[in-house]
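Every read-out reported here was derived from the displayed coordinates using simple, explicitly stated rules and does not represent laboratory data. Quantities reported herein were computed from a predicted structural model and do not represent experimental measurements. We place every Cβ from the backbone using ideal geometry, glycine too, and count neighbours over all the protein chains shown.
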Amino acid sequence: MKLSTKHLLGIRQLLKEDIETILSTATQFKEVLQRPVKKVPSLRDITIVNLFYENSTRTRISFELAEKRLSADTVNFTVSGSSAAKGETLLDTVNNILSMKVDMVVMRHSASGAPHFLAKHIPAAIINAGDGINEHPTQALLDAFSMIEKFGSLQGLKVAIIGDIMHSRVALSNIYLLNKMGAKVMVAGPPTLIPKYIAEAMNVTVEYDVKKALQWCDVANVLRIQLERQNQPLFSSLREYSLAYGINKRLLESLGKDITIMHPGPINRGVELDSDVADGNSSIILHQVENGLAVRMAVLYLLSNRD
């Protein structure tokens, strides 16, 4: 099985067939992860650099573990301990790394489009682990994998993405993927956190009342407020946000139906989700984390061009 692209820069560039190939490959790797010996030699002699210009916990650990499970050689790069902190350009940094015969680069960067820039200038395969407010493709893939695991298919599934849509690369990648796979998508949150153009431009429904969004959906993918990306106040306070848009047990019980709760992490407990919801029976958040490993193993394997 092969992908139509050499890189994973975003969901926007993927064909529906590419998504299906990644998810079916991830199913096979999830079976591998249930074995007593979880390591396979699939990427032996492949060298991968994890190039993280932004802080990350779950995504970085997930990629590192996926690489180790596939027997790849890995190099971890952080800005604070590198020449990038002294002013070295992104291209110089990567060219220096590539001179060490690197095959793949997993990259997170605060600038939207940084992985696309690299893909045009270097021969290694690039995997976008999050670029600015643009995309986070492996998160959308693991979210899709988790929903398919629960519901069997995305076709016709009603998914509400709730929270800071304006600044979320997770929201954008999820919308692209869900639309390609036949799901119905609603975005919900304060008017100041939902782009004005989004309904027409991205084929989604917009809702400003969180209870109405929850009554409509089968799955609620809840996003955190990204204060670090906001250069002006877009709502009065976190307490006010929690009262108007936070999801708690009482709200879920008032719906008269069961819905599935997802969150890409990190969770701001007591803001967008109360702990009894995040840790409750409706939540598949820990399944998302587990599935992230299988999905990233699949992406690495498919982009390595190993048959």
- Name the residue, out of Leu43, Leu177, Leu238, whose mean-square fluctuation peaks in a Gaussian network model built on the chain with Cα pairs under 10 Å. Leu238
- Item | Lysine pairs within region 137-284, Cα separation less than 18 Å, 8 or more sequence positions apart or different chains | 15
- Ordered by residue, what ³J(HN,Hα) values in Hz, to whole numbers, does region 95-106 give under the Karplus form 6.51 cos²θ - 1.76 cosθ + 1.60, where θ = phi - 60° and Gly and Pro are x? 4, 5, 5, 5, 5, 8, 6, 8, 9, 9, 10, 9
- Message: Tell me the relative contact order for the chain as a rounded percent, counting alpha carbon contacts under 8 Å between residues six or more apart.
- Response: 21
- Message: What whole-number distance in Å separates the alpha-carbon centres of region 52-72 and region 1-26?
- Response: 19
- Message: To the nearest 20 Debye, how big is the dipole of region 137-284 about its Cα centre, given +1 on the beta carbon of each Lys and Arg and -1 on that of each Asp and Glu?
- Response: 200
- Note on the structure: Per the charge dipole of region 102-192 (beta-carbon charges, Lys/Arg positive, Asp/Glu negative, Cα centre), the residue among Leu178, Gly130, Ser168 reaching farthest to the positive end is Leu178
- Roughly what angle does helix 285-303 make with the longest principal axis of the chain, taking Cα atoms, 0 to 90 degrees, to the nearest 10? 30
- Item | Cross-link reach list, lysines versus Lys38, counting only Cα pairs under 21 Å and skipping chain neighbours closer than eight places | Lys30, Lys68
- Compute the acute angle (0 to 90°) between the alpha-carbon long axis of helix 16-33 and the principal axis of greatest extent of the alpha-carbon atoms of the chain; round to the nearest 10°. 80
- Item | Spatial separation of Cα centroids for region 250-307 and region 119-142, in angstrom | 20
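How would region 120-167 be classified by its alpha-carbon gyration tensor: rounded, prolate or oblate, with rounded meaning a/c under 1.5 and the a/b versus b/c comparison settling the rest?
Note, shape of region 120-167 comes out oblate.
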- Query: 222 nm [θ] for the chain, helices only, -39500 (n - 2.57) per DSSP H run of 4+, per residue, to 500?
  - Reply: -11500 deg cm²/dmol
- Item | Mean separation of Cα contacts under 8 Å (6+ apart) over length of region 137-284, as relative contact order % | 23
